[in-house]
1. Rg and Dmax of region 50-150, using alpha carbons, in Å: what are they?
2. Please give every one of the lysines within straight-line cross-link reach of Lys28, meaning a C-alpha to C-alpha distance under 18 Å, and leave out same-chain neighbours fewer than 8 residues apart.
3. Go through Gly121, Ser93, Thr81 and say which Cα lies farthest out towards the positive end of the charge dipole of region 9-127; charges sit on Cβ, +1 for Lys and Arg, -1 for Asp and Glu.
4. When the dipole is taken about the Cα centre of the chain, and only Lys, Arg (+1) and Asp, Glu (-1) are charged at their Cβ, what size is it in debye, to the nearest 20?
5. When only alpha-carbon atoms are used, what values of Rg and Dmax, in angstrom, describe the chain?
6. Write down the accessible area per residue of region 1-109 in Å², having rolled a 1.4 Å probe over the full set of protein chains.
7. Taking 0.36 nm per intervening residue step and subtracting the Cα-Cα distance, what contour gain separates Ala172 from Ile26 on full extension?
8. Averaged over all directions, how much area does the convex hull of the C-alpha atoms of region 214-275 cover when projected, in nm²?
Amino acid sequence: GGDSDLTTRIWADAVEKELGVPVVVINKTGGGGVVGTSFVARAKNDGYTLINAGLSNMLVTPNFSNTPYNFDTFTPVVKYTAVPLAVVVAKDSPYKTYEDFIAAAKSGRVTQGSWGASSSGTIMANIIANQAGYTPKYVHAKGAADSMVSVVGGHIDSAVSFPPAFGPHVKADRARVLVMDQKMDAFPGVPTFADYGIKGSFGGWSGVFAPKGVPQEVVDKLTAATAKVMKDPQVLKAYENIGAQIDFRHGPEWIADLKATYAIYTEEAARTSKK
C-alpha cells in the first residue's frame with residue numbers, strides 16, 4: 001500500500017497487457033527495501049526477475065548501511081515516475097520564499113520535520129542543508145504525514161515531504177511549497193533546488209532495475225513497453241491519483257545521472273562519518 005507498491009502495480013498491470021505475459025508483483029518487505037533489493041541482486045540475470053527501485057534503496061541505503069549490494073550490482077532499465085521532495089511551510093508562515101527560509105535557518109531559528117533520524121528523507125535534507133549553508137533543527141516524526149500535521153498545526157516551522165503527504169494540505173490552503181526537487185504541474189511556479197545551486201536528486205522515483213549482465217534485448221523490450229504504456233491516459237490518471245508524475249528516462253544519459261547522484265550520497269556518507 002506504500003508508494004513503491006502502488007507505482008509498481010500500475011506499471012506491472014499496464015506492461016503485462018502490452019507484453020501479453022504475466023508480470024507478477026511480489027512484495028519482499030524489510031530493512032527499508034534491503035531485503036527485496038538483495039533478493040533481486042542474487043537472482044539470475046535472465047530478465048525474469050526485476051526490481052522496482054527508487055532513490056532510497058538504490059542510491060541512498062547502500063552508502064549508509066552495510067548492504068550486500070551497491071549501485072553496480074544492477075543494470076538500470078527504465079525510470080517511469082517521479083515524486084519530488086519539497087520543503088513545505090504553513091500557509092501563514094513568515095517564510096514566503098526559500099531565500100527567507102535559508103536566512104532564518106542559518107540563524108538557527110527554524111525547525112524542520114522529518115520521518116526519522118536515519119531515514120532517507122533526513123539524509124536528503126542534510127545534503128540540501130549542507131549545500132545551502134545551514135544546519136537543520138529536526139523534529140522527527142513517524143512519517144511524512146505526521147510531520148505535515150505538525151506543520152499546519154503550528155508546532156514546527158517546516159517539513160521535508162512528498163506530494164502524497166503535503167498535497168492535500170496545499171490544496172486545502174493550509175500549507176505552501178517553498179522549493180521542490182523538480183517542476184510539477186500540480187504546483188506551478190515553485191522553484192527547484194537546482195535554481196538555488198543545490199546539486200543532486202532528492203525526490204522519490206520509481207524505475208525498473210535488473211541484475212547486472214541482463215541481456216540488452218531484455219532492456220530494450222522492457223523500455224519500449226514502458227514507453228508505450230506511459231502514454232496511456234488510464235495509466236497517466238492512475239499515477240496522478242497517487243501524487244506521482246510521469247518521468248520517463250532510460251539509456252546512457254539517465255545512467256550517468258544516476259551515477260552522479262550516487263556519488264553525492266557517497267560523499268555525504270563520508271562527510272557524516274567524520275563527525
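1. Rg then Dmax for region 50-150, in Å: 15.9, 47.
2. Partners found: Lys44.
3. Ser93
4. Computed about the Cα centre, the dipole is about 520 debye.
5. Here Rg and the maximum Cα pair distance are 18.7, 59 Å.
6. Value returned for region 1-109: 47 Å² of accessible area per residue.
7. Here the segment from Ala172 to Ile26 would lengthen by 49.0 nm.
8. Approximately 6.4 nm², given one-decimal rounding.
The values are calculated or read from the model by the stated rules, or taken from the named source; none is laboratory data. Computed from a predicted model, the values in this text were never measured in an experiment. Cβ sites come from the backbone with ideal geometry, for glycine too, and all protein chains shown count toward neighbours. In case anyone asks, the SASA skips ligands and DNA or RNA and just uses the protein heavy atoms, side chains included. Shrake-Rupley method; radii C 1.70, N 1.55, O 1.52, S 1.80 Å.
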